[in-house]
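The values are calculated or read from the model by the stated rules, or taken from the named source; none is laboratory data. Computed from a predicted model, the values in this text were never measured in an experiment. Methodologically, a virtual Cβ is constructed for each residue, glycine included, from the backbone with ideal geometry; neighbour enumeration extends over all protein chains shown.
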């Protein structure tokens, strides 16, 4: 490598993901952000970016960060001891998408080596609108909506890819889709996703997520069998709460129960009756602290995430009270096969919890039919994920 420092563009959307734990299903728009903050939401994008930058902490002498003032990057770069230069200053009380785009334009003009950004699909859209395919980018997942292929599977994974790039290791550079959905329709339980463009992403297959697969499960008979298995477990445990996670596979179970379902939220069932709908993380925690509880979840097809994508209501505190032994993971074998051998991923926001969950997990794939499938320890990913 040359002695010239690696120039890293850094953009943090400070409000990314603040609506997730409160079941607001997004953080686009000043009104939603204000509501989330009023309800006690915490800004976590900077903390997630810190996890990524921690992975290159030993390379500080090789890196120079170019970023925006304040929460958009300056505060974190300064706190972590990186050398940095400011390229943009927002005049807004709350940063907007226009600030993300203005920062991206400034970084493009400076010809940075790579842009690291933290946010969700809305942030990716803003950056794609400016940068397109001119400069490599890498996303730190921090938003409620993470459908785009420009994001690493976790903040730490983003940092590991970045470390490889800075050290000049051979890393593939691929085109990745930028996807987004309509948040207003999302809050009504409808997903209207579309592609907005492509960006170049350094790709190391252990660490960069696949674009979410679209469409409904095709094998209805298999889903019926899975639902029958879950309903039997409910009948065997009438005093248990059953947290019903988001996704079409869980939705099918709720249909079989004849219960209204929040497709993109979290509901609570007891004795096969609906107790509460579209719960926030705090309300859900109040329930599970006082009652034996099981959690019914599925994985994101093509990606393998079980926590940290669209289900932030399942907070680390909730998951700890439920316990690994009470997690009922459901998926068709076709859905597992779509992972092409890649391990499942937990990105709960609690690294210790993710490590505790790692290992072989039973997956309910039919009536009284289960398979064991690995949940990744991100410190030591299975070798099969290398290809």
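Specify the residue that is nearest to residue 132 (Cα to Cα); the eligible residues are those in the range 72-98 that are part of a helix (DSSP H, G or I) and at pLDDT 95 or above.
Per the criteria, the residue is 72.
The lone criterion from (1) more than 16 Å from the chain's Cα centre (by Cα); (2) modelled with pLDDT under 90 left unmet by residue 349 is number (1).
Right, residue 329: part of a loop (DSSP other than H, G, I, E, B) and touching a strand residue (DSSP E or B) at 6+ places or on another chain (Cβ under 7 Å) or not? Against the criterion (part of a loop (DSSP other than H, G, I, E, B) and touching a strand residue (DSSP E or B) at 6+ places or on another chain (Cβ under 7 Å)), residue 329 does not qualify.
Scan the range 58-73 and give yes if some residue there is without any contact (Cβ under 8 Å) to a residue 40 or more places away in the chain and closer than 19 Å to residue 139 by Cβ, otherwise no. No; the residues of the range 58-73 include none that is without any contact (Cβ under 8 Å) to a residue 40 or more places away in the chain and closer than 19 Å to residue 139 by Cβ. Of the listed requirements (1) at pLDDT 85 or above; (2) closer than 29 Å to residue 221 by Cα; (3) over 16 Å from the mean Cα position of the chain (by Cα), residue 323 misses just one: (2).
For the range 137-152, a residue qualifies if it is outside any strand (DSSP E or B), touching a residue at least 60 places away in the same chain (Cβ under 8 Å) and touching a helix residue (DSSP H, G or I) at 6+ places or on another chain (Cβ under 8 Å), and the qualifying residues are 142, 143, 145, 146, 147, 148. One residue alone among 294, 342 is within 23 Å of residue 161 (Cβ to Cβ), touching a helix residue (DSSP H, G or I) at 6+ places or on another chain (Cβ under 6 Å) and assigned by TED's automatic domain parsing to the domain that holds residue 244, and that residue is 342. Does the range 269-276 include one or more residues that are buried (at least 22 other Cβ atoms within 10 Å of the Cβ) and over 25 Å from residue 153 (Cβ atoms)? Yes, some residue in the range 269-276 is buried (at least 22 other Cβ atoms within 10 Å of the Cβ) and over 25 Å from residue 153 (Cβ atoms).
Consider residue 43 carefully, then state whether it is assigned by TED's automatic domain parsing to the domain that holds residue 137, closer than 30 Å to residue 263 by Cβ, modelled with pLDDT under 95 and surrounded by fewer than 22 Cβ atoms within 10 Å (Cβ to Cβ). Answer is yes for this residue. For residues in the range 3-13 being assigned to a loop (DSSP other than H, G, I, E, B) and surrounded by fewer than 24 Cβ atoms within 10 Å (Cβ to Cβ), which is modelled with the lowest pLDDT? Checked the range 3-13; the qualifying residue modelled with the lowest pLDDT is 3.
I'd like the residue in the range 187-203 that is touching a strand residue (DSSP E or B) at 6+ places or on another chain (Cβ under 8 Å) and at pLDDT below 85 and, out of all such residues, is farthest from residue 311 (Cα to Cα). The residue in question is 203.
In the condition set (1) surrounded by fewer than 19 Cβ atoms within 10 Å (Cβ to Cβ); (2) in contact with a helix residue (DSSP H, G or I) (Cβ under 6 Å, 6 or more places away or on another chain), residue 337 is compliant with all but (2). With the condition kept exactly as written, say whether any residue in the range 274-282 is closer than 29 Å to residue 343 by Cβ and under 24 Å from the mean Cα position of the chain (by Cα). Yes, that holds for at least one residue.
Counting the residues of the range 122-136 that are more than 15 Å from residue 15 (Cα to Cα) and in a helix (DSSP H, G or I) gives 6.
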